[in-house]
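Student: Before I ask anything, here is the structure I am working with.
The values are calculated or read from the model by the stated rules, or taken from the named source; none is laboratory data. All figures in this text were calculated on a predicted structure; none of them were measured in a lab. As a convention, Cβ positions derive from the backbone with ideal geometry for all residues, glycine included, and neighbour counts pool all protein chains shown.
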Number of protein chains: 2
Amino acid sequence: MPPKKAAIKVYAPATVANLACGFDVMGLSVREPGDELSLMLNSSGKISVRRIIGDGGKLSSDPKKNTASVAIQAMLDHMGIRQGADIVLRKRMPLGSGLGSSAASAVAGVFAMNELLGRPFSKSALVPFAMEGERIACGSAHADNVAPSMMGGIVLIRSYHPLEIISLPVPSQMYIALVHPQVEVLTRDARAVLPRKIPLETGIRQWANTASLVAGLFSSNFTLIGKSMEDHVAEPARAKLIPYFKEAKEAALLDGALSFSISGSGPTVFAVCKGKASALRVMSSIKKMYRDKKIPTDQYLSPVNRDGVIVIP
Amino acid sequence: MPPKKAAIKVYAPATVANLACGFDVMGLSVREPGDELSLMLNSSGKISVRRIIGDGGKLSSDPKKNTASVAIQAMLDHMGIRQGADIVLRKRMPLGSGLGSSAASAVAGVFAMNELLGRPFSKSALVPFAMEGERIACGSAHADNVAPSMMGGIVLIRSYHPLEIISLPVPSQMYIALVHPQVEVLTRDARAVLPRKIPLETGIRQWANTASLVAGLFSSNFTLIGKSMEDHVAEPARAKLIPYFKEAKEAALLDGALSFSISGSGPTVFAVCKGKASALRVMSSIKKMYRDKKIPTDQYLSPVNRDGVIVIP
């Protein structure tokens, strides 16, 4: 058990949920962007959000509404202890972009508190507390951003009752190019366009693909990974919410991306590439397309992040 | 290339399609039951079905209606050659039982002809011809019985256009207990009860399970294999066509089966077990339940058959 400290700073990475075919059940962690969170214990008996930097004033610092404080409180309530602490949150990622911003804050919060309390929980045992943060942010306690941000790597959520998270192998040379067109897509709208029912044939194609994606990851077969990452469920419905989605996809695939789809509920799009050079080419190509259409973007290039949330100096 | 022969005898094994969660996309091969097929070249220029043994007179020996001859003819047509041959088919398996009887005959036919012609095709290249036999038998050219009977092992059909078959790892100690209650379930009826559409939530559970089943197979994790093999799509609809399905499932799981579901469209049920002793116990337990209900059964116990169709003496 590490020595107890009174303050700590952590970094929780952004995540790509769904991974095309694995709607609502798969996700992976990238190196950046991400959230920095500082936590300082105090004797107030209350969790306070002292400061939020980089959110453009959009996030609430009400401890009952902020995902980091809600997640920490869920953990403390579960342990049956009262502990005061101050949170300083530095958002180093765009909000509402489909990169798991609320999940990253919740993960950072519970991970930081767990460290300061002497690590009573394993990382995977912290996931349910972070999910309570997601419940405040999104209305439902999803794990497909929280789990990869916490654990790192590529994860599969097989079941919610009970919560069962499976870490999948990460092929070396697997790089992710992320491009965030700066337009607003409300998660609410992205949920509303989803079909309530799907044709059985569509389901069959989707569960063939999740199965073969896992086979591709276990065998480091990039061709199979690329072919399997096609989404017949969410992408057809959500693509229309993202400006020039079709053009971005064409540009990415033409430039060698193995697959291309929507990160979470968008509007960020992502490409899976073999190797850094390929990912860089693909990212530039998507960015250029958006620049030509006069839509500003943020972009990030990263291998799959095997670490998840970490302590930083 | 092996020396050409004028006659050959082959054995094509029965198969378990769907594997619970993998509806329409997964299947595995067992050692028995299966079909024996003898093929003798002649100079007639026509494929004839000389004799069928063990079918109780139910199968057609019209070469345009028998799955073996239809599959062979599809192969010869593709090659653009005329070749006469006589088929003798010995069914060593129940018909219409959900064990891939028509697929086994088609596989046996094309495999035998391929051997006699000096192996112009690989096993996987023969699959599409055998699927033409399935088209005659079932109305659609499915591969989920044909592919495992041909290739052996556990297979995933990721896509039909183009046909893409992925061989999955077979954990040693993976045994299959099969029990065939002797009642008739028409494939037509088993298809008719399937939903045309499924709730999105059901699809999500199903594609989480196919993904985790593959992870379980790659990591020889029997607990994960068992948990993943649950079917939220076909089994709930088809269970009512199989007498005492619920009782059989309870008996199997109580006696240590890792999973239990319907083989193909039924009425055969199957259990996946770790080790032969466990599979034997489970098989006896299901069989006893049916005996108590006065329903006669056939039963088979086998590890996963890694070979698929083979030449026999």
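Student: Quick one: is residue B:165 outside the structural domain of residue B:266 (by TED's automatic domain parsing), buried (at least 24 other Cβ atoms within 10 Å of the Cβ) and among the β-branched types (Val, Ile, Thr)?
Tutor: Criteria not met by residue B:165.
Student: Sticking with this structure for a sec: Given the criteria in contact (Cβ under 8 Å) with a residue 24 or more places away in the chain, out of contact with any His (no Cβ under 7 Å at 6 or more places or on another chain) and over 12 Å from residue A:69 (Cβ atoms), does residue A:80 qualify?
Tutor: It is false that residue A:80 is in contact (Cβ under 8 Å) with a residue 24 or more places away in the chain, out of contact with any His (no Cβ under 7 Å at 6 or more places or on another chain) and over 12 Å from residue A:69 (Cβ atoms).
Results for (1) closer than 25 Å to residue B:280 by Cα; (2) among the hydrophobic types (A, V, I, L, M, F, W, C); (3) without any contact (Cβ under 8 Å) to a residue 60 or more places away in the chain, shown as yes or no for each residue.
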site: B:145; (1), (2), (3): yes, no, no
site: B:152; (1), (2), (3): yes, no, no
site: B:156; (1), (2), (3): no, yes, no
site: B:161; (1), (2), (3): no, no, yes
site: B:167; (1), (2), (3): no, no, yes
site: B:177; (1), (2), (3): yes, yes, no
site: B:186; (1), (2), (3): no, yes, no
site: B:196; (1), (2), (3): no, no, yes
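Student: Further question on the same structure: Would you confirm whether or not region B:89-96 contains a residue that is touching a strand residue (DSSP E or B) at 6+ places or on another chain (Cβ under 6 Å) and over 29 Å from residue B:297 (Cβ atoms)?
Tutor: Scanning region B:89-96, I find no residue that is touching a strand residue (DSSP E or B) at 6+ places or on another chain (Cβ under 6 Å) and over 29 Å from residue B:297 (Cβ atoms), so the answer is no.
Student: Count, please, the residues in region B:264-294 that happen to be surrounded by fewer than 16 Cβ atoms within 10 Å (Cβ to Cβ), out of contact with any Phe, Trp or Tyr (no Cβ under 7 Å at 6 or more places or on another chain) and not in a helix (DSSP H, G or I).
Tutor: 1
Student: Within region B:174-184, does at least one residue satisfy the condition of being on the phi > 0 side of the Ramachandran plot and either out of contact with any strand residue (DSSP E or B) (no Cβ under 7 Å at 6 or more places or on another chain) or part of a loop (DSSP other than H, G, I, E, B) (or both)?
Tutor: no
Student: Can you tell me which condition residue A:231 does not meet? The list is (1) crowded, with 21+ Cβ neighbours inside 10 Å; (2) within 14 Å of chain B (Cβ to nearest Cβ); (3) part of a helix (DSSP H, G or I), and all the others hold.
Tutor: Result: residue A:231 fails condition (3) only.
Student: Here's another thing I want to ask about it. Checking the conditions here, which among B:240, B:249, B:274, B:288 is touching a helix residue (DSSP H, G or I) at 6+ places or on another chain (Cβ under 7 Å) and among the charged types (D, E, K, R)?
Tutor: B:274
Student: If you take the residues in region B:11-23 that are under 15 Å from residue A:207 (Cα atoms) and touching a strand residue (DSSP E or B) at 6+ places or on another chain (Cβ under 8 Å), which one is nearest to the other protein chains (Cβ to nearest Cβ)?
Tutor: B:22
Student: Which ones in region B:161-174 are within 13 Å of residue B:217 (Cα to Cα) and more than 10 Å from every other protein chain (Cβ to nearest Cβ)?
Tutor: Hits for region B:161-174 are B:170, B:171, B:172, B:173, B:174.
Student: Let me ask another. Got at least one residue in region B:210-220 being in a helix (DSSP H, G or I), over 17 Å from residue A:212 (Cβ atoms) and touching a Leu at 6+ places or on another chain (Cβ under 9 Å)?
Tutor: no
Student: Could you check how many residues of region A:52-92 are of a type in the set (A, V, I, L, M), in contact with a Pro (Cβ under 8 Å, 6 or more places away or on another chain) and crowded, with 24+ Cβ neighbours inside 10 Å?
Tutor: Total meeting the criteria: 1.
Student: From A:215, A:192, A:137, grab the single residue that is of a type in the set (A, V, I, L, M), on the phi < 0 side of the Ramachandran plot, in the same structural domain as residue A:267 (by TED's automatic domain parsing) and buried (at least 18 other Cβ atoms within 10 Å of the Cβ).
Tutor: After applying the criteria, what remains is A:215.
Student: Still on this structure, please answer the following. So which residues in region A:118-150 are farther than 29 Å from residue A:189 by Cα and assigned to a helix (DSSP H, G or I)?
Tutor: A:123, A:124, A:125, A:126
Matching residues to (1) among the acidic types (Asp, Glu); (2) within 14 Å of another protein chain (Cβ to nearest Cβ); (3) touching a strand residue (DSSP E or B) at 6+ places or on another chain (Cβ under 6 Å):
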residue	(1), (2), (3)
B:217	no, yes, yes
B:244	no, no, no
B:270	no, no, yes
B:282	no, no, yes
B:295	no, no, yes
B:308	no, no, yes
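Student: When you go through B:101, B:97 one by one, which is the residue that is closer than 15 Å to residue B:68 by Cα, touching a residue at least 40 places away in the same chain (Cβ under 8 Å) and of a type in the set (S, T, N, Q)?
Tutor: Step by step, each of B:101, B:97 is checked, and only B:101 is closer than 15 Å to residue B:68 by Cα, touching a residue at least 40 places away in the same chain (Cβ under 8 Å) and of a type in the set (S, T, N, Q).
Student: Next question. Checking the condition within 13 Å of chain B (Cβ to nearest Cβ), closer than 23 Å to residue A:139 by Cβ and not in a loop (DSSP other than H, G, I, E, B), which residue from A:191, A:205 passes?
Tutor: A:191
Student: Continuing with this model, one more query. Being within 13 Å of chain A (Cβ to nearest Cβ) and either surrounded by fewer than 17 Cβ atoms within 10 Å (Cβ to Cβ) or in a helix (DSSP H, G or I) (or both) is the requirement here; does residue B:240 meet it?
Tutor: no
Student: Quick one: would you say residue B:261 is surrounded by 20 or more Cβ atoms within 10 Å (Cβ to Cβ) and out of contact with any His (no Cβ under 8 Å at 6 or more places or on another chain)?
Tutor: yes
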